Amino acid sequence: MSENVRNVIIIGGGPSGYTAGIYAARAELKPLLLAGYQAGGQLMLTTEVENFPGFKDGIQGQDLMEEMRAQAAKFGAEIINEDVTEVDFTQRPFTVKTYSAEYKAHSVIISTGASARWLGLESEKRLTGSGVSSCATCDGAFFKDKVVCVVGGGDSAMEEASFLTRYAKKVYIIHRREGFRASKIMLDRAKENPKIEFLLNRVVEDIYSKKDGFLESVTGVKLKNTVTGEFEDLDLDGVFIAIGHIPNTGIFKNQIELDEKGYVLTQKYTYTNIEGVFAAGDVVDTRYRQAITAAGMGCQAAIDATRWLEDQGIHT
Ligand code: NAP
């Protein structure tokens, strides 16, 4: 077999990919980790992470990812910031292509994560991390006694809004119509919460901000009524976008089994339907979506891949 065939290629440079890298490197698999151009995953979009065990005083999302990456590299993971453009899992060794190279591997760990769906406003992009967030669990505590809004009408929006009432004095749920995707129980819980107010038939047209030196912070939103077409301004300090997530699986379509929403389906543990291909983190996770759960799954995938390679007699 060709010398250029890697034992394992890890696709994705978020908590699951880097943790898989640490474990695979320590198992002496010499993993190749294709971290993507925007390596680091969703934690790069947040500020302080207070719930990752081991950092009692919190750690900046970017610093946490740099530490994980450095830890994987320290044990010998080869890390390249390239986006994977194409894979071929129809024959072994598997093929993984980037814009500039083609790699072969006996096994692959998919940890490409999921991306929060955004509204697509310029102000939303500019203010992400400065009052705009897609993760109440990550950033809610920064809004103690403040006024915030949650955009969306699904379970995530209800859950985030209810969670935010622990900190915020007022939480608006802004939803574009009157019907909800949220389950009745989650919706009822939000409706019964005295700190939550629903603003229905509204979409966010813009997010207002003020500048204090270099620091920019959210001051309000411009809303459009989807029924009357009227505009209104609402003063608030934080905007949480909860309009769903999109698993990053475009390149795996027709290569591997995905569920109806595009998440990778795992069979048992981190095994996918293709022998030798494993998946971990938010790309399979429709439920927890936390850095720590993604990291845990990355560890599992690396152990599964290591044992599978041993069983195949490829790496002993
Ligand atoms: P979701 O169910 O797809 O809901 C997304 C919401 O965002 C919808 O109300 C949708 O409005 C709205 N939306 C989408 N694009 C929008 C846009 N461009 N502008 C304004 N609004 C927009 O997503 P989710 O709430 O993240 O839930 C995903 C899955 O996870 C669901 O299966 C859910 O049950 C599950 N989940 C479960 C729990 C739990 O049980 N604890 C917690 C969270 C999530 P429309 O309704 O008008 O399309």
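Where a number appears in this text, it was derived from the coordinates with a stated rule and is not lab data. Since this is a predicted model, take the numbers as computed values, not measurements. Please note: Cβ atoms are built from the backbone with ideal geometry, for glycine as well, and neighbour counts cover all protein chains shown.
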Of all GluC sites (Glu not before Pro) in the stretch 121-221, the ones in DSSP coil with at most 15 other Cβ atoms within 10 Å are Glu178
Simple SL model, points at 7 angstrom along Cα→Cβ for Gln38 and Ile246; separation in nm is 1.0 nm
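I need Lys169, Lys184 ordered by Cβ neighbour count within 10 Å, fewest first.
Values: Lys169 13, Lys184 8.
Going from sparsest to densest Cβ surroundings: Lys184, Lys169.
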Describe numerically, in nm with one decimal, the distance between label points set 7 Å from Cα along Cα→Cβ at Thr219 and at Phe55.
3.1 nm
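Shape of the stretch 118-241 from its Cα gyration tensor (a ≥ b ≥ c, root eigenvalues): rounded if a/c is under 1.5, otherwise prolate when a/b > b/c, or oblate? Present the calculation step by step, with values, prior to reporting the outcome.
On the way: a/c = 1.84, a/b = 1.23, b/c = 1.50.
Since a/c reaches 1.5 but b/c is at least a/b, the shape of the stretch 118-241 is classed as oblate.
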Determine ³J(HN,Hα), in whole Hz, for all residues of the stretch 59-67 in sequence, where each value follows from phi through the Karplus function 6.51 cos²θ - 1.76 cosθ + 1.60 and θ = phi - 60°; x replaces Gly and Pro.
8, 5, x, 5, 5, 4, 5, 5, 5
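So how much slack lies between Lys125 and Gln267, counting 0.36 nm per residue of separation and subtracting their Cα-Cα distance, in nm? Don't jump to the answer; show the numbers that get you there.
Details: separation 142, 0.36 × 142 = 51.12 nm, distance 3.66 nm.
Stretched fully, the Lys125-Gln267 segment lengthens by 47.5 nm.
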What does the extension gain come out to for Lys184 and Tyr208, with contour length at 0.36 nm per residue minus their alpha carbon separation?
5.4 nm
What cysteines in the chain have no other cysteine with a beta carbon less than 4.7 Å from their beta carbon?
Cys149, Cys299
One finds, for Glu67 and Phe198 with R0 = 25 angstrom and r their Cβ-Cβ distance, a FRET efficiency to the nearest 0.05 of 0.05
Amide H of Thr85 versus every other amide H placed in the peptide plane: which residues, excluding those fewer than 5 positions away on the same chain, fall under 5 Å?
Lys97, Thr98, Tyr99
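If you take the beta carbon distance between Arg176 and Thr286 as r and set R0 to 22 Å, what does 1/(1 + (r/R0)^6) give as a FRET efficiency, to the nearest 0.05?
On the way: r = 22 Å, r/R0 = 1.02.
Using R0 = 22 Å, I get an efficiency of 0.45.
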To the nearest 20 debye, what is the magnitude of the charge dipole of the stretch 240-304 about its Cα centre, counting +1 on the Cβ of each Lys and Arg and -1 on the Cβ of each Asp and Glu?
140 debye
Mean ellipticity per residue at 222 nm, deg cm²/dmol - from DSSP H runs of n ≥ 4 across the chain, formula -39500 (n - 2.57)
-7000 deg cm²/dmol
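Assigning unit charges at the beta carbon (Lys, Arg +1; Asp, Glu -1) and nothing else, what dipole magnitude in debye, to the nearest 20, does the stretch 118-241 show about its Cα centre? Kindly include the intermediate steps, with their values, before the conclusion.
Details: 19 positive and 20 negative charges, 46 e Å.
It works out to roughly 220 debye.
Would you mind ranking Met65, Met186, Met297 by Cβ crowding within 10 Å, fewest neighbours first? Spell out each step's value before the answer.
Details: Met65 24, Met186 18, Met297 28.
The most exposed by this proxy come first: Met186, Met65, Met297.
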Pairs beyond 29 Å (Cα-Cα), from Lys125/Lys195; Lys104/Lys125; Lys104/Lys253
Lys104/Lys125
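Within a 10 angstrom radius of the beta carbon, how do Lys146, Lys268 rank from fewest other beta carbons to most?
Working: Lys146 17, Lys268 6.
Starting with the residue having the fewest Cβ neighbours, the order is Lys268, Lys146.
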Furthest towards positive pole of dipole, Gly120, Gly36, Gln91, structure part the chain, Cβ charges:
Gly120
So if I take the centroid of the Cα atoms in the stretch 192-245 and the same for the stretch 28-55, what is the distance between those two points in Å?
30 Å
Among Leu309, Asn225, Tyr263 the positive-end extreme of the charge dipole of the chain (Cβ point charges):
Asn225
Cut-off under 18 Å on the C-alpha distance; same-chain residues fewer than 8 positions from Lys210 excluded. Which aspartates and glutamates are left, in chain and number order?
Glu122, Glu124, Asp233, Asp235, Asp237
Treating the beta-carbon of each Lys and Arg as +1 and of each Asp and Glu as -1, no other charges, what is the dipole magnitude of the stretch 134-195 about its Cα centre, to the nearest 20 debye?
180 debye
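Please report the antiparallel percentage of DSSP beta bridges with both residues in the chain, rounded to the nearest 5.
50 percent
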Can you give the Kirkwood hydrodynamic radius of the chain from its Cα pairs, in Å with one decimal?
20.7 Å
